[in-house]
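Enquirer: My structure is below; once you've seen it, I'll send some questions.
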Amino acid sequence: MKPGQILGVDFYDRDPREVAVDLLGCVLSHRTPEGVASGIIVETEAYRPEDPACHAYNGPTMRNRTIFGAPGLAYVYLSYGTHRMLNVVCEKKGVGSAVLLRALRPVEGRNLMERRRGRKIHLCDGPGRLTQALGVELFQDGQSMTDGAISISYGELPDEEIISTTRIGITRGADLPWRYLLYGDSDVSVKPREIFERGLRRSKV
């Protein structure tokens, strides 16, 4: 796969823990009438159906039906009634797994991001901040990320070390080391308190 190539369905049709690692260094973009905003993915979290923190844990509902959809769909939901969260659905239809996109290093459209966020710093260092900066809306839940306005393109291998650590912002399954990040990157949402694995590598996809 070449840098700049939009990731296809096959990329996401895998275990979300693998996808979460392979997304680090890739570029998330959103095209809107206001312009294009994009950033390099520096932090992700994986969620699987056997995980008590996963929305699929208790089965499908009207609210979570997208996570049971086809790989490559955007799963967008509101957290705590205020923050929009952007996930990409993984594995085959009906499984119920996804990767939460937690933080970006801004690349294109920085001025647009600053206007949306109302600030010049801390633009994308958190899942709610990145959706605000990119202009991601709830109505985009269920849209394809392989041929739609929101997309992820293959990026260069990151220079930073890839590590795994525990997830944050959840009460169940918080002990699972399914948060992945570029160690030392200044745009990561929260520094890891404990490192479980070091030197993780992206697979050749």
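Enquirer: Once a ≥ b ≥ c are taken as the square roots of the eigenvalues of the Cα gyration tensor of the stretch 19-73, is the result rounded (a/c under 1.5), prolate (a/b larger than b/c) or oblate (a/b not larger than b/c)?
Expert: Since a/c reaches 1.5 but b/c is at least a/b, the shape of the stretch 19-73 is classed as oblate.
Enquirer: Okay, next question. Go through (i) 11.4; (ii) 10.4; (iii) 12.4 and flag the label whose value is the computed mean projected area of the Cα convex hull in nm² for this structure.
Expert: (ii)
Enquirer: Return 136, 89, 9 ranked ascending by Cβ neighbour count within 10 Å, so the fewest neighbours appear first.
Expert: Listing 136, 89, 9 from fewest to most nearby Cβ atoms yields 9, 136, 89.
Enquirer: Which value, in debye to the nearest 20, gives the size of the charge dipole of the chain about its Cα centre, when Lys and Arg are +1 and Asp and Glu are -1 at the Cβ?
Expert: Once rounded to the nearest 20, the dipole reads 460 debye.
Enquirer: In nm, give the distance between the simple-model label positions of residue 18 and residue 36, each being 7 Å from the Cα along the Cα-to-Cβ direction.
Expert: Inter-label distance under the simple model: 3.0 nm.
Enquirer: For 6, 41, which order do you get if you count the other beta carbons within 10 Å of each Cβ and list the fewest first?
Expert: Listed from fewest to most nearby Cβ atoms, that is 6, 41.
Enquirer: Once a ≥ b ≥ c are taken as the square roots of the eigenvalues of the Cα gyration tensor of the stretch 85-151, is the result rounded (a/c under 1.5), prolate (a/b larger than b/c) or oblate (a/b not larger than b/c)?
Expert: Because a/c hits 1.5 or more and a/b exceeds b/c, the stretch 85-151 counts as prolate.
Enquirer: Just want the ordering: 104, 157, from fewest to most Cβ atoms lying within 10 Å of their own Cβ.
Expert: Sorted ascending by nearby Cβ count, the order is 157, 104.
Enquirer: Moving to a separate point now. Using just the helices of the chain, give the 222 nm mean residue ellipticity in deg cm²/dmol: DSSP H runs with n ≥ 4 each add -39,500 (n - 2.57), and the total is spread over all residues, rounded to 500.
Expert: -3000 deg cm²/dmol
Enquirer: So if each residue of separation counts as 0.36 nm, and I subtract the Cα-Cα distance between residue 168 and residue 93, what length gain in nm does that give?
Expert: Gain on extension, residue 168 to residue 93, equals 24.3 nm.
Enquirer: By how many nm would the segment from residue 121 to residue 63 lengthen if fully extended, with 0.36 nm per residue of separation less the alpha-carbon distance? Write out the running numbers ahead of the final one.
Expert: Values: separation 58, 0.36 × 58 = 20.88 nm, distance 3.27 nm.
Value of the extension gain: 17.6 nm.
Enquirer: Turning to a different aspect of this structure: Suppose R0 equals 22 Å; then what is the FRET efficiency for residue 147 and residue 10 from their Cβ-Cβ distance, rounded to the nearest 0.05?
Expert: Values: r = 14 Å, r/R0 = 0.62.
After rounding to 0.05, the efficiency reads 0.95.
Throughout, read-outs are computed from the coordinates displayed, never taken from laboratory work. A quick note: this is a predicted structure, and the numbers were derived from the prediction, not measured. Because the Cβ atoms are built from the backbone with ideal geometry, glycine has one as well, and the counts that use them run over all protein chains shown.
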